[in-house]
Amino acid sequence: LLVLLMQRLGITCLFLRLIGVPCPGCGMTRAWLQMLRLDFAGAFAMHTMFWAVPILYGYILYDGKLFRKKWLNDGVLLGIGFGFLAHWLLQLV
C-alpha cells in the first residue's frame, strides 16, 4: 500500500527523496522487471546485484543456514554485502 501511495505521489525512492542520494537498492525493481522479460543484460545494467535476491530469500527461508558450513554462509553473505556496497559507491560516482 505504501509503495502504491509513493508511486501515485511520484516518489520512486524514499531514501533518495529524503537524503538526496540513491539507496543501495535503487534500480532493483527495474532490474527484476528486465529479468522477468528475460533481458539479463538489461537487468544487470539496472542493478548489478539483482541476482542476489533469490539467495537472500533462501537465507530468510532457512534461518541463515543455506549451506551446511557456517564459514560458507558467512562468506556468501559478506560477498553479497560488499557487492551491494560496491554497486552503491559506483552509483554515487
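Apply the Kirkwood formula to the chain: the hydrodynamic radius equals the inverse of the mean of 1/r over all pairs of different alpha-carbon atoms; give it in Å with one decimal.
Numbers: mean 1/r = 0.0677 Å⁻¹.
Across the chain, the inverse of the average 1/r is 14.8 Å.
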What is the distance, in nm, between label points placed 7 Å from the Cα along the Cα-to-Cβ direction at K70 and at L89? 2.9 nm
Just want the answer: with Cβ charges of +1 for Lys and Arg and -1 for Asp and Glu, which residue in V53, Q91, A31 is farthest toward the dipole's positive end in the chain? V53
In whole Hz, what ³J(HN,Hα) sequence does the range 57-65 give by Karplus (6.51, -1.76, 1.60; θ = phi - 60°), x for Gly and Pro? 4, x, 4, 5, 5, 9, 6, x, 10
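May I ask you to give the solvent-accessible area per residue for the chain, in square angstrom, as obtained with a 1.4 angstrom probe?
Details: 7070 Å² over 93 residues.
Ligands and nucleic acids excluded, the result is 76 Å² per residue.
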Accessible surface of the chain [probe 1.4 Å, protein heavy atoms]: carbon and sulfur percent: 71 percent
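The values are calculated or read from the model by the stated rules, or taken from the named source; none is laboratory data. Keep in mind that what you see is a predicted model, and the values were worked out from it rather than measured. Because the Cβ atoms are built from the backbone with ideal geometry, glycine has one as well, and the counts that use them run over all protein chains shown. Surface accessibility is based on the protein's heavy atoms, side chains included, excluding ligands, DNA and RNA. Shrake-Rupley method; radii C 1.70, N 1.55, O 1.52, S 1.80 Å.
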